[in-house]
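**Q** Take a look at the following structure, please.
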Amino acid sequence: MSATSAEPVRSVDVVLVKAGRTKIRYAAELLSDDGARIVVRAPWAGAGVRDFGFVRFEAGDVFTEHYWRERWYAIKEVRDATGALKGWYCDVTRPAALSGADLVVEDLDLDLWRSADGTDVRRLDEDEFEESGLARRDPAAAAAATAALDELEALARTDGGLESLLT
């Protein structure tokens, strides 16, 4: 195959929506799309450092993000500027939709972190999820979201569990 026949790198905008509003939009490189899973790579898109206490996201960090069209979550592999794995940040979301150059994902507040060595697995933002009122407004979506968090936690606590979804 000649160099001129190589497919050009495709850029997409990841659009994270929360409570009906765009929370963040950032450019990412589209690595693959097999019809079920969309994989993108992007540098840390936040302003400055985000220190959670158990992990810091900062300039130079690279996120390889896996989104599914039929699953209620996204898994983001986080590496520092040297390429060392920090861990996986998992967002509970509605299934992703790729519309033109926009990868649109609705954040449902629930998150999960798993450290690179697997010793730290923690559920995050369950209080925000309760306060969101989703269980009252859309009980089916709330049930899907809590089931997704349970599934992510079970995978994160199993050796190679999260990684098995990413290959």
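The values are calculated or read from the model by the stated rules, or taken from the named source; none is laboratory data. Nothing here was measured: the structure is a model prediction, and the numbers come from that model. Note that we place each Cβ from the backbone using ideal geometry, even for glycine, and neighbour counts take in every protein chain shown. Surface accessibility is based on the protein's heavy atoms, side chains included, excluding ligands, DNA and RNA. Shrake-Rupley method; radii C 1.70, N 1.55, O 1.52, S 1.80 Å.
**Q** For region 15-84, how big is the tail of P(r) above 14 Å, as a whole percent of Cα pairs?
**A** 66
**Q** Turning to a different aspect of this structure: Evaluate region 1-155: find the radius of gyration of its Cα atoms, find its Kirkwood radius, and give the ratio Rg to Rh.
**A** On the Cα set of region 1-155, Rg over Rh gives 0.98.
**Q** Under the 0.36 nm per residue contour assumption, what length would be gained going from the current alpha-carbon distance of Ala45 and Glu128 to full extension?
**A** Fully extending the segment from Ala45 to Glu128 adds 27.7 nm.
**Q** Would you mind computing the Rg to Rh ratio of region 85-149 from its alpha-carbon coordinates, Kirkwood style for Rh?
**A** 1.04
**Q** Place a +1 charge on the Cβ of each Lys and Arg in the chain and a -1 charge on the Cβ of each Asp and Glu, then give the dipole magnitude about the Cα centre in debye, rounded to the nearest 20.
**A** 340
**Q** While we're looking at this one, here's another question. Work out how far the C-alpha atoms of region 43-102 reach from end to end along every principal axis, then list the three figures in whole Å, largest first.
**A** Principal-axis extents of region 43-102 (Cα, largest first): 31, 23, 20 Å.
**Q** Continuing with the same structure: Okay, helix-only estimate at 222 nm for the chain: each DSSP H run of n ≥ 4 adds -39500 (n - 2.57), divide by all residues, round to 500 deg cm²/dmol; what do you get?
**A** Rounded to the nearest 500, the figure is -5500 deg cm²/dmol.
**Q** Post the alpha-carbon centroid distance, region 137-167 to region 8-74, in whole angstrom.
**A** Measuring centre to centre over Cα atoms gives 18 Å.
**Q** Out of the GluC sites (Glu not before Pro) in region 1-97, which ones are loop residues according to DSSP with at most 10 other C-beta atoms within 10 Å?
**A** Those satisfying the criteria are Glu70.
**Q** Now for a different question. In square angstrom, rounded to the nearest 10, how much accessible surface does Ser32 have for a 1.4 Å probe?
**A** Accessible surface of Ser32 is approximately 50 Å².
**Q** On a full-extension model of 0.36 nm per residue, what is the gain between Glu58 and Asp159, subtracting their alpha-carbon distance, rounded to one decimal in nm?
**A** 33.6 nm
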